[in-house]
Amino acid sequence: MDMEKPLAVISDIHSNFEALNAVIADIRDLGVNRIICLGDVVGYASGARMCLRAIQELECPCILGNHDEAVARDSTLLADMNDTAVAGILYARQRLNFDEKTFLASLPGDLVMDGRQFTHASLAHPPSWPYISGTDDARLHFAQQSSRLSFCGHTHRPMVWAQNDAGRITGKKGRAVIALGRTGKVLVNVGAVGQPRDGDSRACYVIYRPDQDTVEFRRLAYDIKRTKRKIRRAGLPRFTAQRLSLGR
């Protein structure tokens with residue numbers, strides 16, 4: 001059955017076409033043909049249109065991220081975002097056409113597929129795009145998680161959160177292959193394709209293998225120098241380029 005086949009879960013591409021290309025190539029090399037995107041296709045870097053077209057060509061399910069929403073809807077308030085994020089959003093707004101913005105605006109806020117939940121940020125009060133950065137955040141998310149397993153992005157940091165049947169929550173950094181518990185609830189943060197913030201500059205995504213009940217965190221080198229040159233040529237903030245090499 002398809003639901004038992006491997007699934008590639010990607011998130012937070014952030015207009016980084018070189019990183020997305022490397023990830024798509026790796027997914028194909030592995031022979032994985034099921035993909036889901038957890039949002040933030042656009043924002044920050046300069047390749048919004050190319051990244052959006054690449055996702056559309058995959059014809060995979062895709063969820064709305066907060067940067068996607070901000071780019072798609074010119075009325076979205078940007079007061080809660082820092083200057084670097086705002087610059088990327090305004091840049092993408094200017095370059096995406098009506099149809100592309102309409103596509104972004106039409107993306108669902110979350111998905112349930114094969115009995116598993118997929119979201120960009122926490123399931124706790126989605127309109128405010130809350131981060132899951134610690135145990136208390138994870139607890140609020142798990143209170144709204146109805147399935148055993150869910151996946152998210154948003155923090156740009158790969159993690160596996162688990163809540164056992166007694167309600168105890170533990171967190172583990174997302175590295176290599178991790179076996180998922182068959183009891184309680186599990187949340188997998190798949191990290192970021194285009195802008196990792198865990199100190200590792202390589203693109204990050206996850207392969208979920210239902211038959212083995214494992215997630216594999218894949219890290220891929222890509223042409224960061226090329227992406228940084230494009231960002232600088234676009235007149236975007238210097239930090240947008242600098243942080244790619246730092247993984248921060």
Given the conditions (1) of a type in the set (V, I, T); (2) without any contact (Cβ under 8 Å) to a residue 40 or more places away in the chain; (3) within 29 Å of D211 (Cβ to Cβ); (4) in a loop (DSSP other than H, G, I, E, B), and given that T76 satisfies all but one, which numbered condition is not satisfied?
-> (3)
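Results for (1) over 15 Å from the mean Cα position of the chain (by Cα); (2) in a loop (DSSP other than H, G, I, E, B), shown as yes or no for each residue.
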| residue | (1), (2) |
| --- | --- |
| M50 | yes, no |
| Q56 | yes, no |
| C60 | no, yes |
| T84 | yes, no |
| Q117 | no, no |
| A121 | no, yes |
| H141 | yes, no |
Of the residues T214, T227, T135, T183, which single one is among the β-branched types (V, I, T), in contact (Cβ under 8 Å) with a residue 12 or more places away in the chain and closer than 22 Å to F17 by Cα?
-> T227
Single match in E4, E59 (criterion: free of Cβ contacts under 8 Å to residues at least 12 places away in the same chain and farther than 16 Å from Y222 by Cβ) = E59
Residue count, region 1-26 (criterion: assigned to a helix (DSSP H, G or I), within 30 Å of L236 (Cα to Cα) and not aromatic (F, W, Y)) | 9
Matching residues in region 212-228 - criterion: being in contact with an Asp or Glu (Cβ under 8 Å, 6 or more places away or on another chain) and part of a loop (DSSP other than H, G, I, E, B) | Y222, D223
The residue that is surrounded by the fewest Cβ atoms within 10 Å (Cβ to Cβ), considering only those in region 196-211 that are charged (D, E, K, R) and assigned to a loop (DSSP other than H, G, I, E, B), is D211
Considering only region 81-111, state which residues are under 30 Å from L149 (Cβ atoms) and surrounded by fewer than 17 Cβ atoms within 10 Å (Cβ to Cβ).
-> A105, S106, P108, G109, L111
Does C37 qualify as being over 21 Å from R226 (Cα atoms) and in contact (Cβ under 8 Å) with a residue 12 or more places away in the chain?
-> yes
Could you tell me whether region 151-168 includes any residue that is within 23 Å of P61 (Cα to Cα), of a type outside the set (K, R), at pLDDT 95 or above and more than 16 Å from the chain's Cα centre (by Cα)?
-> no
From the residues in region 182-192 that are out of contact with any Ser or Thr (no Cβ under 7 Å at 6 or more places or on another chain) and among the hydrophobic types (A, V, I, L, M, F, W, C), which one is surrounded by the most Cβ atoms within 10 Å (Cβ to Cβ)?
-> V188
Read through the list (1) at pLDDT below 95; (2) under 18 Å from the mean Cα position of the chain (by Cα); (3) loosely packed, with under 13 Cβ neighbours inside 10 Å; (4) farther than 24 Å from V186 by Cβ, then give the number of the only condition that D74 fails.
-> (2)
Filter region 91-111 for residues that are in contact (Cβ under 8 Å) with a residue 12 or more places away in the chain and part of a loop (DSSP other than H, G, I, E, B); which is farthest from S11 (Cα to Cα)?
-> L96
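The values are calculated or read from the model by the stated rules, or taken from the named source; none is laboratory data. Note that this is a predicted model, so its numbers are computed, not measured. Counting neighbours? That spans all protein chains shown, and the Cβs are built from the backbone with ideal geometry, glycine included.
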